[in-house]
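A short write-up of the structure that comes next.
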Amino acid sequence: GLCEDARMGNGPAHFTAESDGTFRPTQWAQSRWGEDMLNGPAVVALAAWNLEQHYGLPEFLPGRLTVDLFKAARKKPTHVHTRLVRDGHRIRNSECDIVQGEVTVARATMVQYRQSEAPPGQEWTGQAEFSRPGTPRRTCT
């Protein structure tokens with residue numbers, strides 16, 4: 001699980017959530033690079049979980065999550081700042097900054113698409129045929 005929260009599983013957590021919004025890394029978030037460094041999947045999971053909690057809606061599905069890891073996250077109190085960038089009828093975009101002290105260590109962007117039915121009509125498929133490539137020739141001796 002990501003956070004020790006009643007809505008999450010009972011397994012080991014990467015972070016514990018405090019009532020003031022601070023996330024404290026646990027031993028499960030530790031990187032193999034160093035005792036005070038966090039692993040990338042823990043940081044990504046924190047961002048994804050927060051984006052889903054703040055901006056996930058049942059009628060929308062996540063289509064893409066992009067995470068930029070700017071600096072190595074450390075084993076210190078961590079905060080998240082989320083914002084809804086676009087709240088359209090078919091597409092929602094949101095962002096999450098992972099902040100330690102005054103430094104943004106990562107930024108995640110989530111794109112969600114509204115679930116819908118396929119448009120009426122027949123799906124187009126191409127009729128192109130491709131020949132299989134031949135065996136490569138050796139040019140070196």
task = Confirm whether residue 127 is touching an Asp or Glu at 6+ places or on another chain (Cβ under 9 Å), without any contact (Cβ under 8 Å) to a residue 60 or more places away in the chain and farther than 30 Å from residue 25 by Cβ.
result = no
Residue 2, sole failed condition from (1) of a type outside the set (Val, Ile, Thr); (2) at pLDDT 95 or above; (3) touching a strand residue (DSSP E or B) at 6+ places or on another chain (Cβ under 8 Å) = (2)
ask   = Within the set of pairs 6+ apart or on separate chains, which have a first residue in the stretch 20-41 that is over 16 Å from residue 77 (Cβ atoms), a second that is modelled with pLDDT of 90 or more and open to solvent by 30 Å² or more (accessible area, probe 1.4 Å), and C-beta atoms under 7 Å apart?
value = 28/14; 31/37; 31/39; 39/30; 40/69
ask   = In the stretch 84-110, which residues are free of Cβ contacts under 8 Å to residues at least 12 places away in the same chain and among the basic types (Lys, Arg)?
value = 86
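The values are calculated or read from the model by the stated rules, or taken from the named source; none is laboratory data. Worth saying up front: this structure is predicted, and the values here are computed from it rather than measured. Glycine gets a Cβ as well: all are built from the backbone with ideal geometry, and neighbour counts include every protein chain shown. Side chains included, ligands, DNA and RNA excluded: accessible areas come from the protein's heavy atoms. Shrake-Rupley method; radii C 1.70, N 1.55, O 1.52, S 1.80 Å.
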